[in-house]
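First the structure, in the form of structure tokens, and then the observations on it.
The values are calculated or read from the model by the stated rules, or taken from the named source; none is laboratory data. Model, not experiment: these values are computed from the prediction. Here Cβ is always computed from backbone atoms with ideal geometry, including for glycine, and neighbour counts include all displayed protein chains. Surface areas here come from the heavy atoms of the whole protein model, side chains and all, with no ligands, DNA or RNA. Shrake-Rupley method; radii C 1.70, N 1.55, O 1.52, S 1.80 Å.
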2 protein chains.
Amino acid sequence: MISVVILGAGNVATHLFKAFNKADSVSVIQWYNRNLESIKQFKHHVDITDDLSHLKHADVYIIAVSDDAIKALSRLLPFENKLVVHTSGSVNINDLDKKHKRGVLYPLQTFSKHADLDFSNVPICIETLDKKSYPLLKQLSKSISNITKKVNSDQRRVLHLAAVYVNNFTNQLYRIGHEITESKGAEFDLLKPLIMETAKKVQDISPYRAQTGPAKRHDKKTINKHLKLLENEHHKDVYKLLTKSIQLTHGRKKL
Amino acid sequence: MISVVILGAGNVATHLFKAFNKADSVSVIQWYNRNLESIKQFKHHVDITDDLSHLKHADVYIIAVSDDAIKALSRLLPFENKLVVHTSGSVNINDLDKKHKRGVLYPLQTFSKHADLDFSNVPICIETLDKKSYPLLKQLSKSISNITKKVNSDQRRVLHLAAVYVNNFTNQLYRIGHEITESKGAEFDLLKPLIMETAKKVQDISPYRAQTGPAKRHDKKTINKHLKLLENEHHKDVYKLLTKSIQLTHGRKKL
């Protein structure tokens, strides 16, 4: 049985708590947050505290706080030589105080406060500074996910950066699709199956092979029709840049 | 039983043939293409022809050819006063020759040659010029899909435009994600569950509410880290424009 203390109360902390709580081989023995209010609803399921000097002995301490707070919190921990990991995509493993055995457990997924998430399909990227800690972190990750992967800090920050494109930026394209349809009395809902299918396609074939549409076909006539139809200058800028992007990828380079 | 003749041999024509062929209430009695080679593999399942003067009498003629060829083909049809529909998102219903009863049956989905598709979840946008033809086209659409919707030509071209954002442009963001990860020895595969979850989220909540990440948080530190990490100038341009886009949508307007 691996004993775990969770520190922090954001979306990642909460989803990790729920996932570990279901795992047979893990026991979350304590949950720390500097503000008890956010975690008091869990007090019947786990020991909660807002006092670092009351932290219990555990096999792994998971710091799931905002990026900027990781370094300072790792310093404040009143013990040393224990395995302390953070969960951030963009923070270097060396930002953790060197008095600890240091590691990273980065779940590569988007977490909403309310939506429940099946953690078994969330890739967990793990890294440890000392080799001896690796098997423990691996075992801990496997208790909640089927996809665990050794990923170093350089690869991790690149994944985090790429995630901004495929998640935040993609979602913003959905938003623009919403704006365009609503402004003309068409239904955004009709686009939802297409959104799903577009995501599904690249599960099996590369985005390069999955591409279709006027930009790839260099179909000037349709492209110009679309630009004429767009009333919002910013929507036009996005249309032009991403059309150019597709054409940089697929052959001829001019818009 | 609705009798149908399909004209054209592209992805849409082929997927429609397969879907109608499975429907109990529809009979595809003939398939025309100017080049028999592309459809001869189906000759044991349907009468095929490359001669417009041999077209059979049917309740509905479905023109599923490239946008530029629709107008001319509709003129060449050697009959009049029959229901003739095209399947394009961006071509006006009036482009069909006025000797016909005119309509549109636009399946709003991305079609690959090879991947099989469950048509029951493909929204079919339908339009007819005369009211009397509408019920027939509705019945025909319902035979293959659970989502059929009356959509006029203005709404349809707006949907087609929005589809470019949520499909082609989104797929290009996946492609950039692929380029970024591969160039640094990280695995694109680790992003696939995130891609699915991002698409799933907006099935239930609006893209506005679904947004997360550094751009929405106006987290300058992470944004600057990312821009520094990007080596490809074009990737940088996309990063900047979509960050700006998210910030236009969510509050403060400067990058």
Notebook entry, point to check: For the stretch B:144-184, list residues with backbone N below 12 Å from a point placed 7 Å from the Cα of A:Ser183 toward its Cβ?
Noted result: B:162
Next item on the list: Report the charge-dipole magnitude of the stretch A:33-180 in Debye, nearest 20, computed about the Cα centre from +1 at each Lys and Arg Cβ and -1 at each Asp and Glu Cβ.
Entry: 500
Next item on the list: Provide the per-residue ³J(HN,Hα) series for the stretch A:84-93, in order, calculated from phi with Karplus coefficients 6.51, -1.76, 1.60 and θ = phi - 60°, each as a whole number of Hz, with x at glycine and proline positions.
Entry: 10, 10, 10, 10, 8, x, 10, 9, 5, 4
Checklist line | Separation of alpha-carbon centers, the stretch A:188-255 and the stretch A:29-76, rounded to whole Å | finding: 45
Notebook entry, point to check: Given R₀ = 22 Å, FRET efficiency for B:Leu76-A:His250 by Cβ-Cβ distance, to 0.05?
Noted result: 0.10
Note to self: Can you tell me the orientation of helix B:153-163 relative to chain B, as the angle in degrees between its alpha-carbon axis and the longest Cα principal axis, to the nearest 10?
What the structure shows: 40
Checklist line | Calculated on alpha-carbon atoms, Rg and Dmax of the protein assembly as shown in Å | finding: 27.0, 90
Note to self: Per residue, how large is the accessible surface of the stretch B:10-158? Use a 1.4 angstrom probe and give square angstrom.
What the structure shows: 49
Checklist line | Distance cut-off 19 Å, percentage of C-alpha pairs in the stretch A:2-151 lying past it | finding: 47
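Rounding to the nearest 20 debye, state how big the charge dipole of the stretch B:156-249 is about its Cα centre with +1 on each Lys and Arg Cβ and -1 on each Asp and Glu Cβ.
480
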Item checked: C-alpha long axis of helix B:233-249 to longest principal axis of chain B, angle in ° -> 90
Next item on the list: Mind pulling the angle between the C-alpha long axis of helix B:170-183 and the longest principal axis of chain B? Nearest 10 degrees, somewhere in 0 to 90.
Entry: 50
Check: For the stretch B:151-198, what Kirkwood radius comes out of the mean inverse Cα-Cα distance, in Å?
Finding: 12.4
Notebook entry, point to check: So, in nm, how far is label A:Asn146 from label A:His218 when the simple model puts each one 7 Å beyond its Cα toward the Cβ?
Noted result: 4.3
Notebook entry, point to check: B:Lys150: accessible area at probe 1.4 Å, nearest 10 Å²?
Noted result: 130
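Quick one: compute the contact order of chain B, relative version, from alpha carbon pairs under 8 angstrom and 6+ residues apart, as a percent.
Numbers: 354 pairs, mean separation 29.8, N = 255.
It rounds to 12 percent for chain B.
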Checklist line | Where A:Thr249, B:Thr181 fall by accessible area, highest first, once all protein chains stay in place (1.4 Å) | finding: A:Thr249, B:Thr181
Next item on the list: Hey, could you grab the Kirkwood Rh for the stretch A:156-249? Inverse mean 1/r over distinct alpha carbon pairs, Å, one decimal.
Entry: 14.8
Check: How much of B:Val91 can a 1.4 Å solvent probe reach, expressed as accessible area in Å² and rounded to 10?
Finding: 10
Next item on the list: Step through the residues of the stretch A:204-215 one at a time and calculate ³J(HN,Hα) from phi using the Karplus curve (6.51 cos²θ - 1.76 cosθ + 1.60, θ = phi - 60°), rounding each to whole Hz and writing x for Gly and Pro.
Entry: 10, 10, 5, x, 4, 6, 6, 5, 9, x, x, 5
Item checked: Within the accessible area of the protein assembly as shown (1.4 Å probe), percent carbon and sulfur -> 46
Item checked: B:Thr222 - accessible surface, heavy atoms, 1.4 Å probe, Å² rounded to 10 -> 10
Note to self: So for the stretch A:2-151, averaging the separation of alpha carbon pairs under 8 Å that are six or more residues apart and normalising by length, what relative contact order in percent results?
What the structure shows: 20
Notebook entry, point to check: Using θ = phi - 60° and the Karplus form 6.51 cos²θ - 1.76 cosθ + 1.60, what ³J(HN,Hα) does each residue of the stretch B:29-34 get, whole Hz, x for Gly and Pro?
Noted result: 8, 6, 10, 9, 8, 5
Margin query: If every alpha-carbon in chain A counts as one equal scatterer, what log10 I(q)/I(0) does Debye give at q = 0.10, 0.14 1/Å?
Written below: -0.63, -0.95
Item checked: For the pair A and B, total buried accessible area rounded to nearest 100 Å², probe 1.4 Å -> 8400
Notebook entry, point to check: Out of A:Ile205, A:Asn168, A:Leu248, whose Cα points farthest toward the positive end of the dipole of the stretch A:156-249 (charges: +1 Lys, Arg; -1 Asp, Glu; placed on Cβ)?
Noted result: A:Leu248
